[in-house]
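The next block holds one structure in the form of structure tokens; read it before the comments.
The values are calculated or read from the model by the stated rules, or taken from the named source; none is laboratory data. Owing to the predicted nature of the structure, the values given are computational and were not obtained by experimental measurement. With ideal geometry, Cβ positions are generated from the backbone for all residues, glycine too; neighbour counts draw on all protein chains shown.
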Amino acid sequence: MGDLREGAALYLRITAARIRAQLQYRASFALETVGMFFVTFLDFVVILIIFANVPALAGWSRAEVALLYAISALCFAFTDLVVGQLDWLSEWVRNGTFDGMLVRPRGTLFQVISSDFQIRRVGKIVQGLLVLVYALVVLDIQWTPARALMLAAAIPVGTVIFISIWVLTISIVFWTVDGREAANAFTYGGSFLAQFPINLYDRWLRRFLGYVVPIAFVAYFPSLYILDKPDPLGLPSILQFAAPVVAVVTAIAAGLVWRVAVRHYQSAGG
Amino acid sequence: MTMALIEVEGLRKDFTVTRKTGVLRRARAVVHAVDGLTFSVERGEIVGYIGPNGAGKSTTVKMLTGILVPTAGRISVGGLVPTDRRTELARRIGVLFGQRVQLWWDLPLIESFELLRHMYRVGADRYRENLATFRELLELDPFLGTPVRQLSLGQRVRGELTAAMLHDPEILFLDEPTIGLDIVAKQRVREFLLRANREHGVTVLLTTHDLADIERLARRILIIDHGRLIYDGELEALKRRFGPRRVLVVDLVEPAPPLRVDGGEVVRTDGPRQWIAFDGDRITAAALIAAVTAVAAVRDLTLEEPEIESVVREIYAGRARPEAGPIRGS
Ligand SMILES: Nc1ncnc2c1ncn2[C@@H]1O[C@H](COP(=O)(O)OP(=O)(O)OP(=O)(O)O)[C@@H](O)[C@H]1O
Ligand SMILES: [Mg+2]
């Protein structure tokens, strides 16, 4: 427990240092945050446009979809805020930057996560919150303590699920990137995706992880419960409470896969 | 039998690389980067780890520091298996890769140090003391507040060296710590390492292509080529062993086929210039010169004294390679 607290303190310390560095460029920081807000807002505008013509989608009204959307958008925004730097991992693995993380006395995942906090990502959270407010105002929800709790829990639980899935899938880079070829790809700007071994994770597994789990457990089931809506798919209602279990399971799986993956790290020549 | 601080036995590392052999074709090949290394390093030693490009030096260092999992063999560093006890080991070692940036790219140097202090849980007093020492010895003050990305190479390496040592490591692994530094900076880094070794008993394993580093710092060297150890011993012994081979450089009046003189062997020719190697214990320079002038018209002569550089060059080129197994020089 003391370790956890100390790790959190270190995370905050590193993040604070990074924020200070970013604030040095105040103007560009403000522009980027606003830009991020508008880009993500466009997603929602698309949904509004669809609903301008169709009053309901598969039994879901515009406001209900907004709730669904807001929950998943918020989970994704927090995920991006915390672990967005995983986007860099393939590059770090390819060019050997990851070496530095292996010689420091902290978990590698911790170091990746704490390495590059970008405040502009807050823009996405603002957008998610606005949509959520819209949904809550328009919808006539019969609030109970359990429903409020469900909404409050849906965001952190969903965020954990997203983060775990991201870690789980990005771990592939430790297997696929081989130093020399990778170094070339890096220098010549070759595409990383072209070297992706599609068969490393089975196709159904990727679909399940990539679409089914996030859509179902992060937003769909919690929304059904909050709205007290009968499940159009007629799935067992116990699934509406399964998200925390899914979060724990995916988090453990992500931790294990990451651990194994790092042992396959090949660094880069030099 | 007590254990040495670093013990390596039968260490191997293979890399599987895929090469493009056509538009869509790829061939897989295995590179034996490290191919059966056995050596040990005692506490307090400074060991120079040298070898030509691609010999496997960096790969070895990465296995010793827990970055790469070995393909085969056994490693013990301070009694720990590096990849199994990575974080524990990290507290006890300092690592520097001269060719890579390990500090936070956009943070001022001093902030990087502050963060590392917390990462390594260095006590406030210890930290203040160490930082003061490094600031003075490595002259960090002019750029302590500068973001790492704006530092010159030499400034950055000094920063990285400080970062590697803030937590008082027992062992320093330095992969080309002086690469790209000017003479003054090199000198400063060498002094610094010697001092750390003398005053704090820090054990140092360093790779370099600058043999002056070796001359200045290391009493013992390991030479590796194609992933195999070809020399393990004292620097002086290496010089003694290969040193007697001195070289007489003769400029002939006109180009000629390699001269044939007793006690000397032509190792290289370039137009009218010939390099004649000889064993100083068997024939004197004067006698050799007499023998040469007896068979050819000579315009000029110079005598090259043996130095570590040429000895090592010969070993790299395969001329002085022992027939089997590493030479033990001590
Ligand atoms: N990550 C990697 N993936 C594939 N091959 C690698 C990788 N790292 C090193 N190699 C290969 O292994 C061999 C040894 O490389 P290494 O970097 O250890 O050499 P080195 O002795 O440090 O050379 P240099 O003096 O050039 O730094 C080389 O043939 C190199 O191409
Ligand atoms: Mg190297």
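Of all residues assigned to segment B:103-124, none qualifies as being out of contact with any helix residue (DSSP H, G or I) (no Cβ under 7 Å at 6 or more places or on another chain), assigned to a helix (DSSP H, G or I) and among the polar types (S, T, N, Q). Inside segment B:37-77, residues that are within 14 Å of chain A (Cβ to nearest Cβ), within 23 Å of B:L211 (Cβ to Cβ) and more than 9 Å from ligand 1 (Cβ to nearest atom) make up a count of 1. Out of B:A33, B:A55, one residue alone is within 14 Å of ligand 2 (Cβ to nearest atom), closer than 12 Å to B:I224 by Cβ and assigned to a strand (DSSP E or B). It is B:A33. Residues of segment B:36-52 that are crowded, with 22+ Cβ neighbours inside 10 Å and not in a strand (DSSP E or B): B:G51 alone.
Residues in segment B:205-239 that are assigned to a helix (DSSP H, G or I), closer than 21 Å to B:T178 by Cβ and acidic (D, E): B:D213, B:E215.
Within segment B:137-183, restricting attention to residues that are charged (D, E, K, R) and away from every other protein chain (no Cβ under 12 Å), which residue is nearest to ligand 2 (Cβ to nearest atom)?
The qualifying residue nearest to ligand 2 (Cβ to nearest atom) is B:R156.
When you go through (1) more than 30 Å from B:P272 (Cα to Cα); (2) more than 16 Å from ligand 2 (Cβ to nearest atom) one by one for B:V253, which number turns out not to apply? Of the numbered conditions (1) more than 30 Å from B:P272 (Cα to Cα); (2) more than 16 Å from ligand 2 (Cβ to nearest atom), the odd one out for B:V253 is (1). When segment B:97-125 is limited to residues that are hydrophobic (A, V, I, L, M, F, W, C) and farther than 21 Å from A:F110 by Cα, the one that is nearest to the other protein chains (Cβ to nearest Cβ) turns out to be B:F97.
For segment A:217-270, a residue qualifies if it is within 14 Å of chain B (Cβ to nearest Cβ) and either hydrophobic (A, V, I, L, M, F, W, C) or more than 16 Å from ligand 2 (Cβ to nearest atom) (or both), and the qualifying residues are A:W258, A:R259, A:V260, A:A261, A:V262, A:R263, A:H264, A:Y265, A:A268.
Within the option set B:R28, B:R12, being in contact (Cβ under 8 Å) with a residue 40 or more places away in the chain, part of a strand (DSSP E or B) and assigned by TED's automatic domain parsing to the domain that holds B:D210 holds for one residue only, B:R12.
Would you point out which residue out of B:A324, B:A320 is touching a strand residue (DSSP E or B) at 6+ places or on another chain (Cβ under 9 Å), modelled with pLDDT under 85, closer than 30 Å to B:R220 by Cβ and assigned by TED's automatic domain parsing to the domain that holds B:I224? Exactly one of B:A324, B:A320 is touching a strand residue (DSSP E or B) at 6+ places or on another chain (Cβ under 9 Å), modelled with pLDDT under 85, closer than 30 Å to B:R220 by Cβ and assigned by TED's automatic domain parsing to the domain that holds B:I224, namely B:A320.
Filtered by the rule that a residue be modelled with pLDDT under 90, charged (D, E, K, R) and assigned to a helix (DSSP H, G or I), segment A:60-117 gives A:R62, A:E64, A:D80, A:D87, A:E91, A:R94. Counting the residues of segment B:160-193 that are free of Cβ contacts under 8 Å to residues at least 24 places away in the same chain and touching a strand residue (DSSP E or B) at 6+ places or on another chain (Cβ under 8 Å) gives 0.
Restricting B:L103, B:L64, B:L115, B:L68 to residues that are of a type in the set (A, V, I, L, M), in contact with a Lys or Arg (Cβ under 9 Å, 6 or more places away or on another chain) and either assigned by TED's automatic domain parsing to the domain that holds B:T203 or within 16 Å of ligand 2 (Cβ to nearest atom) (or both) narrows the list to B:L68. Summed over segment B:161-200, residues that are within 16 Å of ligand 1 (Cβ to nearest atom) and assigned to a helix (DSSP H, G or I) total 0. Filtered by the rule that a residue be closer than 30 Å to B:E215 by Cβ and either more than 16 Å from ligand 2 (Cβ to nearest atom) or away from chain A (no Cβ under 11 Å) (or both), segment B:4-30 gives B:A4, B:L5, B:I6, B:E7, B:V8, B:E9, B:L11.
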